[in-house]
Amino acid sequence: MAGKIAAITLFFAAIMVLGTGFIGANADDSSTSPTPLEPKDQAGNTLSSVSSGQLVILSTDVTNNNPEPTKFTAIIEVRDAKGVTLFLGWLAGTLNPDGHNGVGLSWAPKEAGTYQLRTFVISGFQDLEILSLVKTSELDVS
């Protein structure tokens, strides 16, 4: 149990560091590269508009810039106009050498507004290492 608490503490510390923009020498932005999040439908088509209550897949493509396999955890976050995190999720996997993997999580905005979509990649919750810089995009919901 203590190991899980330590991993969660490290995870939230990383979120705070990344969220405030203090990414230092520990962030290796050349290790992996996520694309900015895009809203897609369940068939994988990019959505040009999103309505409140509509289920969307927040999708990113994570690229491994290394010649060896890399374990990764892609973090997906949605913030409202006040900067409050409304959604936080993650998916883990292994990237092939110089390969890429599509990652997506479903989310349904409850209200109209402008949301900040954020994604970044870490090595995992144990022995946490930041593998990418944060990629941000905006989503207008009607």
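Of note:
- The stretch 42-142: C-alpha gyration tensor shape, a/c 1.5 cut-off, then a/b vs b/c: prolate
- The string of couplings for the stretch 63-78 from the Karplus curve (6.51, -1.76, 1.60, θ = phi - 60°) is 10, 8, 8, 10, x, 10, x, 9, 6, 8, 10, 8, 9, 10, 9, 10 Hz, one whole number per residue in order, with x for Gly and Pro.
- Amide H contacts of SER132 (H built 1.01 Å from N, under 5 Å, at least 5 apart or other chain): ASP28, VAL121
Read-outs throughout are calculated quantities, based only on the coordinates presented, and are distinct from any laboratory measurement. The structure presented is a predicted model; accordingly, all values stated were derived computationally and were not measured.
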